[in-house]
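Written out below as structure tokens is the structure these notes cover.
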């Protein structure tokens, strides 16, 4: 019988550690980590994500600042707000909730955030640092996955690691993090020939392709560790991942559920990055 990777429980454990460190930082240095989230428009999913981030900040003692701008806001106004936050010493992390309205250039917005406060690790400087292994921040979802693997004592070194999906947010940085741990990494995607054959070789399979329940037991090696990054809403209202959980669960050794697997770890890593930025700011004072 497979073992369910409980992202909620791991996240709760790590958030308690973060809370303890935040309390110590306030006590020893009178510095409270601050996270600013810019939300443009009223996209329902984005609004929920921002609300969850705010709650997580409150629970760990991190100061949360929500900046809600109308969908009609100009690109220049967004860039001006980012500039203000870059210069605000009480703010240690800045993120802009994506997607943005079409009239705003996402790349320009991401590039405007100071690399030192880019707690999503999307800025080109931070992306380059990940490539070389000389990083300060790691992208939240890939880093959260590594934390899950570490918590469950999954050995990465020497293992066949297959990532299905090549996005800049998950697939590409995930490959680098697994390579850094000496995994043997293959990145597969929608154009991969014989995806089943590629996926079924994986000791560790990370699925982030954005297609509901695409990966069934035929894609999975006996005893594999399966990490499902996908989150999709079915017509009946159910949330499902990119992996067909019921088909796969009895074949694998470890698997993340959806919801309750990777999702909680993404926000936890965001909190950790904000705390790290606040600690680093002490050296610049």
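The values are calculated or read from the model by the stated rules, or taken from the named source; none is laboratory data. Computed from a predicted model, the values in this text were never measured in an experiment. Heads up, the Cβs are rebuilt from the backbone with ideal geometry, glycines too, and the neighbour counts pull from every protein chain shown.
A few notes on this one:
- Region 80-104, subset over 18 Å from the mean Cα position of the chain (by Cα) and loosely packed, with under 14 Cβ neighbours inside 10 Å, residue nearest to residue 30 (Cα to Cα): 89
- Of all residues assigned to region 200-218, at least one qualifies as being at pLDDT 95 or above, over 15 Å from residue 255 (Cα atoms) and not in a loop (DSSP other than H, G, I, E, B).
- Residues that are surrounded by fewer than 17 Cβ atoms within 10 Å (Cβ to Cβ), in contact with a helix residue (DSSP H, G or I) (Cβ under 9 Å, 6 or more places away or on another chain) and on the phi > 0 side of the Ramachandran plot, drawn from region 119-172: 133
- Positions within region 26-38 being in contact with a helix residue (DSSP H, G or I) (Cβ under 7 Å, 6 or more places away or on another chain) and surrounded by fewer than 20 Cβ atoms within 10 Å (Cβ to Cβ), in sequence order: 29, 31, 32
- Taken together, 53, 19 contain a single residue that is assigned to a helix (DSSP H, G or I), surrounded by 13 or more Cβ atoms within 10 Å (Cβ to Cβ), assigned by TED's automatic domain parsing to the domain that holds residue 91 and touching a residue at least 24 places away in the same chain (Cβ under 8 Å), which is 53.
- Test: residue in region 70-82 that is outside any helix (DSSP H, G or I), under 20 Å from residue 21 (Cα atoms) and in contact (Cβ under 8 Å) with a residue 12 or more places away in the chain: no
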